[in-house]
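Novice: The structure's right below; bear with me while I get my questions together.
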Amino acid sequence: MDLQFTSMKWVADIQYNSMSFVKDFGDWGTIGVNAIYVNYGDMIRTKVAQGYDAAGNDLGILPITEGLGTFTAHDLSIGISYARQITQFLQVGGSVRYVEQQIDDATMRGWALDVGTMYWTGLGSLRISMLGRNFGPDGEYKTYEGRIAQAPAKVRMPMIFIFGMAYDIIEASKESDVRMTAAAEYVKPNDGPEKANAGLEFFAFSNFYLRGGYRFNYDEEGYTLGFGAEYSIEEATVVKLDFAYANAGRFGSIPVLSLGLGF
């Protein structure tokens, strides 16, 4: 069994938290549950209305914020996952998720499906993976009565296709547990340009990880750094701690903290 919590402070005071639990049932496969919650914080409420100066002169249509207070927004995803090793080389898995987005008093709900595979090629440690995320129906907000002239259009699910590969440049052996893994992935979203990610992970001393990477074709994001450690507190319990730092250009830095327990 494995339990993990992750917390990330994104740009503009956006808080991202996630939880996942996975249990291996042997020949029956592996089952997991997960939840993601994104809080966008408080935002100033704005309306568009006729504006006037102190002398009563007409200033035209202006955005007005004074005295309107604030509102907030959030995203929520709750899912169940299943994965199984089909052959010695092939693994397949998928997730079904309930998804929700709320902006002020307007809520959109729906569902999404993820499907992925991982294949060990037999060429050394080379493995490749393919993943399709967010297959599902369009969403639609159900409120906004009396506040805008026309209801918003339906929202397409942000489908993403990912192709990845990894290879152990230095493989662990009976004499040494030192390992270095190179990984890369190609990302194709349905609502933006293609992107690519590449990274290295170094593992040593039976419990220490050192990581670095770069994100290509992003507007602001670039290099990433991180480290991780595992510590056995009992024979059958392992505590896992991971920290990552991502550079987001003009938006500053993004820290990511993950805590896990393995049983």
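The values are calculated or read from the model by the stated rules, or taken from the named source; none is laboratory data. Given the structure is predicted, the values throughout are model-derived calculations rather than measurements. All Cβ positions, even for glycine, are placed from backbone atoms using ideal geometry, and neighbour counts span all protein chains on display.
Novice: Can you name every residue in the range 150-196 that is out of contact with any Ser or Thr (no Cβ under 8 Å at 6 or more places or on another chain), part of a strand (DSSP E or B), farther than 29 Å from GLN101 by Cα and small (Gly, Ala, Ser)?
Specialist: Matches in the range 150-196: ALA182, ALA183, ALA184.
Novice: Out of ALA153, ALA246, report the one residue that is surrounded by 13 or more Cβ atoms within 10 Å (Cβ to Cβ) and free of Cβ contacts under 8 Å to residues at least 60 places away in the same chain.
Specialist: ALA246
Novice: Would you please name the residue that is nearest to GLU201 (Cα to Cα), looking only at residues in the range 230-255 that are small (Gly, Ala, Ser) and in contact with a Lys or Arg (Cβ under 9 Å, 6 or more places away or on another chain)?
Specialist: Top of the filtered list is ALA244.
Novice: State whether the residues of the range 41-56 include one that is surrounded by 13 or more Cβ atoms within 10 Å (Cβ to Cβ), modelled with pLDDT of 90 or more and on the phi < 0 side of the Ramachandran plot.
Specialist: Within the range 41-56, one or more residues are surrounded by 13 or more Cβ atoms within 10 Å (Cβ to Cβ), modelled with pLDDT of 90 or more and on the phi < 0 side of the Ramachandran plot.
Novice: Note down all Cβ pairs under 6 Å where the first residue falls in the range 200-221 and is at negative phi and assigned to a loop (DSSP other than H, G, I, E, B), the second is modelled with pLDDT of 95 or more and surrounded by 15 or more Cβ atoms within 10 Å (Cβ to Cβ), and they're at least six residues apart or on different chains.
Specialist: Pairs found: GLU221/ARG215.
Novice: Is there a residue in the range 133-147 that is polar (S, T, N, Q), modelled with pLDDT under 95 and over 23 Å from the mean Cα position of the chain (by Cα)?
Specialist: For the range 133-147, residues polar (S, T, N, Q), modelled with pLDDT under 95 and over 23 Å from the mean Cα position of the chain (by Cα): present.
Novice: Select from the range 82-101 the residues that are more than 22 Å from the chain's Cα centre (by Cα), more than 16 Å from ILE31 (Cβ to Cβ) and assigned to a strand (DSSP E or B) and list them in ascending order.
Specialist: LEU90
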